[in-house]
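Down below is the structure, laid out as structure tokens.
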Amino acid sequence: MSSAKRSNEPIVWFLFGVGGFFAAYFLPIHIMLYGLAFPLGLAPDPGYDKTYALLQNPLTRLYLFVLIMFCFFHAAHRMRLTLSDILNMRHLNTILAFVCYGGAIVGTVAAIWMLAVVH
Amino acid sequence: MADTIILEVERFHPERDTEPSYQSFEVPLRADWMVLDALNFIKDQLDGSLAFRWSCRMGICGSCGMTINGVPKLTCETLLMDFAPGPVRVGPLDHFPVVKDLVVEMDDFMAKLQKVRPWIVRKDDFKPQREFIQTPAQLEAFHQFSLCINCTLCYAACPVSGLDSNFIGPAAIALAHRYNLDSRDQGQEDRLDIISQHEGIWDCTVVGECSTVCPKGVDPSLAIQQYKLTATKEWFKSFLLPRGKN
Ligand code: SF4
Ligand code: FES
């Protein structure tokens, strides 16, 4: 197979696709619980200490890392396509890719850093 | 209700006009008339110079696609009554060069269609002595994609095909997928080389309009997304096992 002329798009599409799954199924749970249900008293608030204790578990951190990373790449890809097509910026594709995926990488690194420094 | 309706028809004569313009015609509003019947009335009774394509009048040949009030539709399947009291705007399909009035140039689409090899490809010298047996499940796998009539409404509806004329486009990819899913076919690899290029599936941003406008219930968007999955698997495979037959 002449894979040479094939697009490298699969990698960003893969991140986008998996990110879409996380953004659709998992992110809303966090927003619902920590953004709405706990502050509004619709569900018993686990409080700071319990949430903090949960964060001590490496598995929680790993989960948050995966969630945040994929969601960032999902957003980056969506942003790139929206800007290039809806705003007619196809000619700036390389710059857009650089800014969007670069942003996702910066966000991911920031997430790793935050997850690493929380003690 | 009025017994006539105004049809605003886009006119363009390549040797005379630089820009298309609209011409209004008053036609009878009959309960059983399709938009195509109104166009034929214009051609027969009012202005014989109007150019448009049609053939079967039953949603099979795929030649009567036009833009009706901004939406790509088969004129032979679109009731005039649905637009009462009017006016109804009829134009050529978007994203195609106009030959004259409502007739568009299909060459580019035909070339793209050829490229994806939409026929059964065999790699062996298989010479069937009798019918090739397929189970209902094997038929079901590709059946919906085989219903395409090449009307190109999906190209007119797809914003990406308007932005990038190199995009292979919904129907051609859906047809490639139709043969890939056929248990008799062995041409998947050849097609993947064409389809997995940037101008193939990767140009698609999942707008989904192709599947919305398709008059035959084909879901080209689904075909493209399924193909993306296949291409991604192949990409990872060739990345992990880079021994390919380049
Ligand atoms: S997929 Fe549907 S809309 Fe597109 S050319 Fe085929 S029949 Fe027409
Ligand atoms: S005339 Fe054949 S599809 Fe409309």
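The values are calculated or read from the model by the stated rules, or taken from the named source; none is laboratory data. What you are looking at is a predicted structure, and each value in this text was computed from that prediction instead of being measured. So basically every Cβ, Gly included, is an ideal-geometry build from the backbone, and we count neighbours across all protein chains shown. Note: areas computed on protein heavy atoms with side chains; ligands, DNA, RNA excluded. Shrake-Rupley method; radii C 1.70, N 1.55, O 1.52, S 1.80 Å.
What is the range B:4-104's relative contact order, in percent, from Cα pairs under 8 angstrom and six or more apart in sequence? Numbers along the way, then the final one.
Numbers: 190 pairs, mean separation 35.4, N = 101.
This gives 35 percent for the range B:4-104.
From the alpha carbon gyration tensor of chain B, can you work out the equivalent ellipsoid semi-axes (sqrt of 5 times each eigenvalue) and give them in Å, largest to smallest?
40, 20, 15
Where does helix A:9-25 land angle-wise versus the long Cα axis of chain A, in degrees 0 to 90, nearest 10?
30
Which whole-number value in Å² is the accessible area per residue of chain A, probe 1.4 Å?
Numbers: 7430 Å² over 119 residues.
In whole numbers, chain A has 62 Å² accessible per residue.
Given H placed on each backbone N at 1.01 Å, which residues far from residue B:104 in sequence or on other chains put an amide H within less than 5 Å of it?
Placed amide hydrogens put B:99 under 5 Å from residue B:104.
Can you pull out the trypsin sites (Lys or Arg not before Pro) in the range B:114-183 whose DSSP state is coil and whose Cβ has at most 15 other Cβ atoms within 10 Å?
Numbers: sites: B:115, B:122, B:123, B:130, B:178; in loops: B:122, B:123, B:130.
Qualifying residues, ordered by number: B:122, B:123, B:130.
How much area per residue is accessible in the range B:107-240 when the probe is 1.4 Å and only protein heavy atoms are counted (Å²)?
Numbers: 6310 Å² over 134 residues.
Heavy-atom SASA per residue in the range B:107-240 reads 47 Å².
Roughly what angle does helix A:47-56 make with the longest principal axis of chain A, taking Cα atoms, 0 to 90 degrees, to the nearest 10?
Helix A:47-56 sits roughly 60 degrees off the main axis of chain A.
Give the angle, between 0 and 90 degrees and rounded to the nearest 10, that separates the Cα long axis of helix A:58-81 from the longest principal axis of the Cα atoms of chain A.
Value to nearest ten degrees: 40.
Need the list of lysines near residue B:233 for cross-linking: C-alpha distance under 29 angstrom, and skip anything on the same chain fewer than eight residues off.
A:5, B:112, B:115, B:123, B:245
Where the centre of each part is set by its Cα atoms, how far does the range B:174-190 sit from the range A:37-107, in angstrom?
37
Using just the helices of chain B, give the 222 nm mean residue ellipticity in deg cm²/dmol: DSSP H runs with n ≥ 4 each add -39,500 (n - 2.57), and the total is spread over all residues, rounded to 500.
Details: 9 runs with 79 residues, N = 246.
The per-residue figure over chain B is -9000 deg cm²/dmol.
Run the quick spin-label model on residue A:114 and residue B:44: label points 7 Å from Cα toward the beta carbon, then report their separation in nm to one decimal.
It works out to 7.1 nm between the two label points.
Helices from chain B with mean Kyte-Doolittle at least -1.0 and a Cα length along the axis of 18 Å or more, per DSSP H: which? Spell out each step's value before the answer.
Numbers: long enough: B:220-240 (30 Å, -0.19).
The answer, listed by residue number, is B:220-240.
For the range B:192-214, state which residues have at least 10 Å² less accessible area in the presence of all protein chains than in their chain by itself, taking the probe as 1.4 Å and leaving out ligands, DNA and RNA.
B:192, B:193, B:196, B:197, B:198, B:202, B:203, B:205, B:206
Per residue, what volume in Å³ does the convex hull of the Cα atoms of the range A:10-116 enclose?
On the way: hull volume 12.3 nm³, N = 107.
Residue-normalised Cα hull volume stands at 115 Å³.
Ordering B:90, A:109 by how much accessible area each has at a 1.4 Å probe, largest first, what is the list? Please list the in-between numbers first.
Values: B:90 0, A:109 85 Å².
Descending accessible area places them as A:109, B:90.
Provide the per residue accessible area, probe 1.4 Å, for the range B:4-104, rounded to a whole number of square angstrom.
Numbers: 4990 Å² over 101 residues.
I get 49 Å² per residue for this part.
Treat each spin label as a single point 7 Å out from the Cα along the C-beta direction, and report the residue B:119 to residue B:139 distance in nm.
2.4
For residue B:216, go through the lysines and keep the ones whose alpha-carbon is under 16 Å away, minus same-chain ones fewer than eight residues off.
B:73
Heavy atoms only, 1.4 Å probe, whole protein assembly: order A:105, B:149 by accessible area, highest first.
On the way: A:105 95, B:149 25 Å².
I get A:105, B:149, largest accessible area first.
Taking Cα pairs under 8 Å and at least six residues apart, what relative contact order does chain A come out at, in percent? Kindly include the intermediate steps, with their values, before the conclusion.
Details: 80 pairs, mean separation 37.1, N = 119.
Result for chain A is 31 percent.
Nearest 100 Å² is fine: what is the total accessible surface buried where chains B and A meet, probe 1.4 Å?
Working: alone 13470 and 8450 Å², together 19910 Å².
Between B and A, the summed buried area is about 2000 Å².
Chain B: longest stretch without exposed chymotrypsin sites (Phe, Trp or Tyr not before Pro) (DSSP loop, at most 15 other Cβ within 10 Å), sites themselves excluded?
Numbers: sites that count: B:119, B:126, B:132.
Longest gap between qualifying sites, sites excluded: B:1-118.
Relative contact order for chain B: what percent, with Cα pairs under 8 Å and sequence separation of 6 or more? Can you show the working numbers first?
On the way: 395 pairs, mean separation 42.3, N = 246.
Dividing the mean separation by the residue count of chain B yields 17 percent.
With just the Cα atoms defining each centre, how far is the range B:219-239 from the range B:85-100? Give it in Å.
The distance from the Cα centre of the range B:219-239 to that of the range B:85-100 comes to 34 Å.
Work out the FRET efficiency for residue B:241 and residue B:198 from their Cβ-Cβ distance, taking R0 = 22 Å, and round it to the nearest 0.05.
Values: r = 23 Å, r/R0 = 1.04.
E(calc), rounded to 0.05, equals 0.45.
Keeping every protein chain in place, order A:117, B:218 by accessible area at 1.4 Å, biggest value first, i.e. largest first.
On the way: A:117 70, B:218 10 Å².
The ranking, largest first, comes out as A:117, B:218.
Count, for each residue of A:8-18, the Cβ atoms from other chains sitting within 10 Å of its Cβ, then give me the mean as a whole number. Don't jump to the answer; show the numbers that get you there.
Details: counts 4, 11, 13, 4, 1, 8, 6, 0, 2, 4, 0.
Neighbouring Cβ atoms belonging to other protein chains average 5 per residue here.
Round to a whole number: what % of the accessible area of chain B belongs to carbon and sulfur, probe 1.4 Å?
After summing per-atom areas, the C and S share lands at 53 percent.
Report residue B:100's accessible area, 1.4 Å probe, all protein chains in place, as a number in Å² to the nearest 10.
50
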